1. Expressed as a rounded percentage, what relative contact order does the chain have, with Cα pairs under 8 Å and six or more residues apart?
2. Starting from the 7 Å offset along Cα-to-Cβ, what nm value, one decimal, do you get for the label separation of residue 184 and residue 794?
3. Taking the square root of 5 times each eigenvalue of the Cα gyration tensor, what semi-axes in Å does the equivalent ellipsoid of the range 858-943 have, largest first?
4. Please report the projected area of the range 788-943's Cα convex hull averaged over all directions, in nm².
5. Suppose R0 equals 25 Å; then what is the FRET efficiency for residue 812 and residue 943 from their Cβ-Cβ distance, rounded to the nearest 0.05?
6. With 22 Å as the cut-off, how large is the P(r) tail for the range 150-267, expressed as percent of Cα-Cα pairs?
7. Among bridges DSSP assigns within the range 6-140, what percent are antiparallel (round to 5)?
8. Mind checking Rg over Rh on the range 223-297, alpha carbons, Kirkwood formula for Rh?
Ligand code: PEP
Ligand code: MG
């Protein structure tokens, strides 16, 4: 994954201070085409969270997860500061490794770097390297990965002498391709050396291809013969293995009755009296630098020697107080960390660490979900065939609408023999097929250069070189499997392992493994992959691998449909990047669609329709035309007001989660900020930000707005928005518990400081303050009292105070609130959650949680009527405001303002300009008569 070239390096840099150095790193990434300019703000925000200094004079600046959208292509840039720069945490830094990466790639890069950077003396060499080539060589050297895991343990061998066990242990290493026959010959002639307590060792370097340690134990151990270690590899590559053997021998007691897990624990240095605990990592992006740092800081608080290892993998344990080593574990969401501690505070340390890890190490985490049923297995019965002209619901993956004949990409049937007699010949065939696949992938990468597919295809090249996959295949071939059978078994096992992690993101990466696997398999079978037609088509497939998408001719493909996959699968990500309408997870039945059958793909509503009837067909074609011209014109006219054809104007504002994005929102034509989610300022600091910090942030937004209004929501934490330094007691129903304004009112001084900062920053500029999750007038009054108190001290000329309508009670009681508020802003995300009783983050139910539900629309209607009766304005700032089907309904319900993500502002404005108020009212009235969200959407389609 990490391919460094001299172009990625800048030697002899100088900087006035750390901020200057960071800015240079951000610019270097941008100049190299890795990121857009917005990434630098993410890098700054990341430093505000905590320093990215790794130790040894090296810092690894990178953006926050939110800034990953600004990453154009994964990559790193290295800046060498020979004179050093003092970082904000006081550390002296000589080398900046600036990282631009999306999702879990970040972890892989860090892992690679920490393995390399951990070498003693390397930091000095990096700081003094005289040319870029030298630096590349120092950083690119792949770390040698020693093998010692469950595979290298051979337990309960029928043997009575140490020599016999030595041969069994060596034979195991040969089967794992760590050694060859020369090594074996040496071992046959070498008497084992006694290590004491019935353990023995054989060791050699000749014929060792990879440092490895195996252990063979006899079926009937006795005091003279407990087990024999076989160590392969030169001494300087075997440090870690020797350490593990030492750990093992230092442990007390015999090994009789110990299983593989217990033996691996002993090898990892876990004392038999250590306090241990297993804890599952829940962090979405794994144990990357920030959570790793929290783990290390927690470990350092205790007077105990604490080690941590991954239960999965090779099981080597590292000190929990070493940041580079903890990052180097490369732990991912869903994996299990095994903690072990000895010393006075061992129990305390393990308890505290277990809690800290379970709570996310400073990050918001969600529990793992139950494994989703495997479609192939669940669908043992034939799926119901699709009905012509009848919509089939699927997961909306990429917006847009398409109509074209289907090209069903059926995977070619690959037939092969399961077994083969000549293992050597099979290995050669395997190697050839892997090389061929490598060449094909590299060609695809060149063709996809600069696009979203290229980095994913590069991951495929990495997968092809995966040592474990290769070893597992060789093992199967050596046991008599054909190259095809061995390879597919290895791929399938690895993919299933990935799926079993029960993490949606990781599980969906199993598709990548199968994609690579199929390519090699097809090459082994000499079968070409299917070729799409020359005319426009909708691609239908079981699941699309990135290389399938990369092969697509985007001038012909109009839309994508897959039987499997979720909204975060690579095919969905790529479809969005290519701007192709897509639905995924449509079920196996789509694979039975006849070649050439016409297909409607609706990526907004998440459905497809086979063979649409003439009426639907015409409607769809009309909508496609409309959408295309709307999109093109929308951007050109983004600064024009959103006024309906009959002269009714609606404000279209932007929702922001960071004041740094204000200029971008204004550039996209926003009429103001309709929702500033102020939590970001509070999350970016280790404790509640003080007045000056907040004033600075808000002023930044007001300055960029140039007189346009800013609607700031006061701090909304609790429930789905936790805050580290505002710990809450465990609640059975946190979504119905202490959150939003309820929580803020328990610490009025925090709310007061925020209000003071907003008023101070506003001066005479238009400021709208609103409170989140208000349930009734009483709560609003309590919060407004605070505003009034501060207003008496801080003069601000143009201030309005309102409430968010997110709790149904507030909508029902809007008539009682309206006389006292200045405005309402409807948060449809939460309003829908509480009206329909569907957790907004629920994996399986999220498709049901549709804000176009008539119940939600009625609450909006009640709110608007009550507000207008008292001449108050009403905005909608939930996701519903950017839904093309909902916009006319909201306009028809007489909403005065829509606030949407910046990117959608031009399109929403354009959509409003197409309407007349009468048409919009008709749509709203129609929607209100329906009984479900699906009925509403169906009815609206006729417009
Ligand atoms: C909402 O609930 O609709 C809303 C805009 O607030 P948030 O999504 O931040 O909870
Ligand atoms: Mg909300």
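Only the coordinates and a few stated rules stand behind these numbers; no lab work does. Only a predicted model underlies this, so the values are computations on that prediction, with no experimental measurement involved. We place every Cβ from the backbone using ideal geometry, glycine too, and count neighbours over all the protein chains shown.
1. 8 percent
2. It is 7.8 nm.
3. Over the Cα atoms of the range 858-943, the semi-axes work out to 18, 18, 12 Å.
4. 10.7 nm²
5. 0.30
6. Value for the range 150-267: 24 percent of Cα pairs lie more than 22 Å apart.
7. Beta bridges within the range 6-140, antiparallel portion: roughly 70 percent.
8. 1.07
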